[in-house]
Each structure stands twice: as structure tokens, then as C-alpha cells.
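Written below as C-alpha cells is the structure these notes are about.
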Amino acid sequence: MKVSIIGAGIGGLASACLLAAENHEVNVFEQQANVGGKMNRFEKDGFVFDTGPSLLTMPHILEKLYQNCGSSLENELSLQELSPICRYFYQDGTVFNCFDDRLQTLEEIRKIAPEDELAYTKFLNYAEDIYNKTADAFIYNPLYSLSDFRQLDLFSFFGIDAFSTVSDRVDQKFKSQYLRKFFKRFTTYNGSSPYQAPATLNVIPHVEINQGGFYIDGGLYLLAESLQKLAESLGVVFHFDSTVQQIITKNKTVTGIKVNDQIIESDFVVSNSDATETITRLLDTGAVSASKKQKAANIEPSCSGFVLLLGLDTKFEQLAHHNIYFSNNYEREFDQIFDAKVMPNDPTIYVANTSYSNPKHAPENGSNLFVLVNAPYLSEAYDWESKKESYGDFIIRQLEERGLDNLSDHIKIKECITPTDFYRKYSSNKGSIYGTSSNSKFSAFVRPRNKFKGLNGLYLVGGSTHPGGGIPLVVQSALNAVELINRYEK
Ligand SMILES: Cc1cc2nc3c(=O)[nH]c(=O)nc-3n(C[C@H](O)[C@H](O)[C@H](O)COP(=O)(O)OP(=O)(O)OC[C@H]3O[C@@H](n4cnc5c(N)ncnc54)[C@H](O)[C@@H]3O)c2cc1C
């Protein structure tokens, strides 16, 4: 069958590979000049940066993607287990390294929080238990029709801790302020607040610490390039600088898309554009009711991010590959981001220093710092145009105060990416970087499904759809969509 895919983010790329492997005729239309979407790369003067994701979890989902397309992850990419996975810097000068080797981490915990040594192991077992109870139900199941819901083991739901918040459960389990902050941080992996999201999200430490956090040798962008290559080898045709203007429908059935004022007839369409954008902007009111559009517009996006790319003529020896500088008052930081929707005045700062593992990412004796601060999604409460320079300078000063001495004197190149850029370049809903938020216990149920209900022939993939944001879940959205395509497009 003839398929049009809107967008060449990870969701669109994975869908293209899977559908071409099943002998569909696949065309991908991408508004930018290259593949990857929010997973992208910036290079200048010998510095190389991933501009989006920097950590890969759940590689078994990628493995499944490659296998379904007749290849293997091992053939395509080389994964590196990082040691430590991440280094944490607290405001009082305490430093904590987290390893995937539990004994090594316990040694670190004995230094900073001996009272919680046992609690650490117990918590990871609890996180694993949540994973065992939720993965089949909420990740690997498309949750589309009654038959999907029938597969759920309802007894398991009593143990998924949906009625407490991440923060309340973590506070209950740990005495140490250091470990409380450490475990609350994982909720930001899908752009949510630990003070609002259900404790079910305590599953994330299991995914990173028990299953492992990986770097792709050469940079994460190699994943996007590898999927493009695989797709092309399977016959997929990419059309760049091609913005899809509309999804064409007739009698509640998709018949094609409009690109550059031309109609491309299609038997079905997969949209990797953000689900809210797809429903509110690409479908006209004849295709979908005003109330459905309003419902899509009301979906709460995940947080966004403010990024600085700093090319330095020096290395800071205290930095590992992944580093976190914690704020002092974590709760106030999240109130500012999610409630006041302004940038935090005491932010937690993430620094990826990939030249630590990959010396080719910076000129000799230099380093490349990717600096990320959680940001509110776009609203009238914060004007990026007038504030981006001063906020960037503020972050550089903060890092200097936290021990990156004279950082500003060592900057050779500086680029900044704001939530407005994420919206303008990739049409992500209000500039969100992970898709929809998980700030309510019902989020898993309101997230748009991988087949759009109410229209034949429209499938949705990407971080704003089921099962959620981040590389592995986005790939899973494509696996789910293809399962539904095989069910409904015969
Ligand atoms: C700074 C940052 C850090 C992150 N860190 C991590 C991390 O460490 N680990 C992790 O797993 N995840 C991380 N993420 C999240 C991860 O990058 C995303 O979940 C994932 O890349 C999203 O993929 P996607 O397919 O949903 O969408 P996108 O990447 O948004 O792709 C959608 C594509 O569709 C195109 N498009 C949209 N509308 C149209 C149209 N009308 N016509 C044509 N093309 C269109 C866009 O241009 C874009 O290329 C991070 C994201 C960011 C931005």
C-alpha cells in the first residue's frame, strides 16, 4: 500500500523502516533539511554536539525495531555503558556518582547517606516491581480496542502506586535529602514534575539504574542517521524541506496529504508531527469536530528546555560524561516551571560533556558542553525573545559559582536553543521536548492512541502519543502503530 509519513523524527523514521520492511511503498515528508527532529546535531569549528537526547535507555526496544527490519542493533550502532552513569553535584559541595554496578553505588551512598543504604536497594526493587506490573500493560500494548484492554492483568494495577506522587513516595522511603533529590529527578525524563506525577513514574530509576543508561559511540545522532540509511535500503523515499499543509480526507477516511500545494494520494498516513498539532492544524473541521480539536488543544504538554552549546578551549576535570548540578529548593524550582511557567531562578543544571568519552567531539585540549535547564512550555508568562541572552549568561555564571572556574573566559563557541526554537523548527506542542506531560494519574489514558479514533487511515506516532516521550517509547509508538496498521489496513 502507498503510505505517506509526516515528519522524520525518531517516530517517523522507525515507522518508515517497519512499514518498508513489510513491503509498503513509503514516502517521508520532513519540513527540515535533515532527519532526526529533536534528535539532532550541531557542528562548528571542530566541536560536535548532540542537540537533543544524550542518554539511551531500554535498548531492547531498539533491538526489536532493527530485528523486525532484518538487521540488528549490534550491526548498526555501538552502545557504550557509562561509568559512572551520572555525577551529581549538590549545593553544599557534596558529590555523588551513580553507577549501574550496585555495589559501587552503595559505596558512594555509604559516604553521603549511610542511613539509607538499605533503602536504596529496596527502592530499586520497588521500581522493578512497578516495571513488571506496568510495562506490558502501558508500554508494549497499543491500548486501542477492547481486545487490548482485555489483555490487562487488572490485579497488577493495585501495585502500581498511582495514588501517591513521586515526591511523597520518595520522601517516605528515604531520610537523606541527597537521595530524595536524586530519585525525584527521574520524573523529568518525560518532562513532568515529581510533585504532581503519580508515583508510578518511580519506574524510571529501574530503567536507567537496573537496566542501564547508554551512550551511542559517536553521538546519539548516529541513531537517526542509521535509521535513515536502513529506511533507504528498504526503499523509503525522503522529501526534505517539505512541510505537510493538510491531511486530506473524504467520508471520514484519509485519502492523502497536501505538500507544497500538491496532493499526494495515500492509502494511509502516519503522522509524526506532534499529535496536538496534527489534530488542530492538519485536519480541517470537516474531518474532525471542533470539540475533538479543543480536547487535543487542552492536552498538557511536557516541559520544554533551554539549551546552551558551549565549545571550550579547556577541560574541566571534575566533569564526567553526564553531570547534574542540583538546585537548592527543588520544589520551588518545579513550581516555577509548571505553575508560574517562568524560568527557575535557582535551576538544576544538566551538563553533558561527550568529549569525556569521545575526544573527537572537541579540538585537542578542549571540551564540548551541552547544558540543559528544564523550562516551562511556551505561554505568555515568559518572553524568550527578550530574555534568552540574559538567561544564558545567568546559567554560565551559575556554573562558574558551582566550580567551573572562569568558564566564560574559555568559551570559543556558544549557541542557544529556546522553547520557541523547538516549536518553530519541529512544531512540537508549545515547544515541549518530550510530548505530553505525565502530571496526572490519568495521563496514560488521555495520551492520543497510535490510531486516530474517528477517522480511517490516520496513525499517530511520537512522544506526544501513546506510550510517551523519550527515544525508546517513541520507537515503541511506531511498533504499536504498525501493529494497528496490520490489524486495520488489510
Ligand atoms: C534537549 C532535549 C534532550 C532530550 N534528552 C533525552 C534523552 O536524554 N533521552 C531520551 O530518550 N530522550 C530525550 N529527549 C526526548 C527525545 O528527543 C524525543 O522524545 C524524541 O526525539 C522525539 O521524537 P518524535 O519522533 O516524537 O518527534 P520529533 O523529534 O519532534 O520529530 C517530529 C518531526 O516531524 C517534523 N514535522 C512536524 N510537523 C511537520 C509537518 N507539518 N510537515 C513535515 N514535517 C513535520 C518535524 O520537523 C520533526 O522533524 C530529549 C529531547 C530534547 C529536545
Would you pick out the residues in the stretch 26-51 that are charged (D, E, K, R) and either crowded, with 24+ Cβ neighbours inside 10 Å or in contact with a helix residue (DSSP H, G or I) (Cβ under 9 Å, 6 or more places away or on another chain) (or both)? Glu30, Lys38, Arg41, Asp50
From the list Tyr382, Tyr391, Tyr377, pick out the single residue that is closer than 30 Å to Asp339 by Cα, in contact (Cβ under 8 Å) with a residue 12 or more places away in the chain and part of a helix (DSSP H, G or I). Tyr391
Could you tell me how many of the residues in the stretch 28-53 are among the small types (Gly, Ala, Ser), within 30 Å of Asn365 (Cβ to Cβ) and near the ligand (Cβ under 6 Å from one of its atoms)? 1
With Asn75, Asn68 as the choices, which residue is farther than 28 Å from Tyr488 by Cα, more than 15 Å from the ligand (Cβ to nearest atom) and surrounded by fewer than 17 Cβ atoms within 10 Å (Cβ to Cβ)? Asn75
Checked against (1) in a loop (DSSP other than H, G, I, E, B); (2) surrounded by 24 or more Cβ atoms within 10 Å (Cβ to Cβ); (3) more than 9 Å from the ligand (Cβ to nearest atom), Asn23 satisfies every condition except (2)
How many residues are within 22 Å of Tyr488 (Cα to Cα) and either among the charged types (D, E, K, R) or within 11 Å of the ligand (Cβ to nearest atom) (or both) if we restrict to the stretch 249-269? 5
Just a yes or no: is a residue in the stretch 85-94 at negative phi, among the aliphatic types (A, V, I, L, M) and touching a Cys at 6+ places or on another chain (Cβ under 9 Å)? yes
Are there any pairs with C-beta distances below 9 angstrom linking a residue in the stretch 446-457 that is farther than 14 Å from Ser271 by Cα to a residue that is polar (S, T, N, Q) and buried (at least 24 other Cβ atoms within 10 Å of the Cβ), with the two at least 6 apart or on different chains, and if so which? Val446/Thr436; Arg447/Thr436; Arg447/Ser438; Arg447/Ser464; Arg447/Thr465
Could you list all residues from the stretch 64-94 that are without any contact (Cβ under 8 Å) to a residue 60 or more places away in the chain and of a type in the set (A, V, I, L, M, F, W, C)? Leu73
Going by the conditions given, is Ala224 farther than 26 Å from Gly37 by Cα, in contact with a strand residue (DSSP E or B) (Cβ under 8 Å, 6 or more places away or on another chain) and touching a residue at least 60 places away in the same chain (Cβ under 8 Å)? no
With the first residue restricted to the stretch 173-191 and required to be more than 14 Å from Tyr330 (Cβ to Cβ), and the second required to be of a type in the set (Phe, Trp, Tyr) and part of a helix (DSSP H, G or I), Cβ contacts under 9 Å at 6 or more apart or on different chains are Lys173/Phe123; Lys173/Tyr126; Lys173/Phe183
Name the residue, out of Leu372, Leu479, Leu404, Leu473, that is modelled with pLDDT of 95 or more, within 16 Å of the ligand (Cβ to nearest atom) and assigned by TED's automatic domain parsing to the domain that holds Arg332. Leu372
Quick one: would you say Phe422 is free of Cβ contacts under 8 Å to residues at least 60 places away in the same chain, of a type in the set (A, V, I, L, M, F, W, C) and not in a strand (DSSP E or B)? no
Residue count for the stretch 59-101, restricted to those that are part of a loop (DSSP other than H, G, I, E, B), of a type outside the set (Gly, Ala, Ser) and in contact with a Phe, Trp or Tyr (Cβ under 7 Å, 6 or more places away or on another chain): 6
Report yes if Thr465 is over 30 Å from Thr314 (Cβ atoms) and of a type in the set (Ser, Thr, Tyr), otherwise no. yes
Against the definition (at positive phi and within 8 Å of the ligand (Cβ to nearest atom)), how does Gly463 come out, yes or no? no
Kindly check whether there is at least one residue in the stretch 435-455 that is among the aromatic types (Phe, Trp, Tyr) and within 13 Å of the ligand (Cβ to nearest atom). no
Which of the following residues is away from the ligand (no atom under 11 Å from the Cβ) and either within 20 Å of the chain's Cα centre (by Cα) or basic (Lys, Arg) (or both): Glu331, Glu300? Glu300
So which residues in the stretch 273-314 are in a loop (DSSP other than H, G, I, E, B) and buried (at least 18 other Cβ atoms within 10 Å of the Cβ)? Ser273, Asp274, Leu283, Ala287, Val288, Ile299, Glu300, Ser302, Cys303
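The values are calculated or read from the model by the stated rules, or taken from the named source; none is laboratory data. Model, not experiment: these values are computed from the prediction. Note that we place each Cβ from the backbone using ideal geometry, even for glycine, and neighbour counts take in every protein chain shown.
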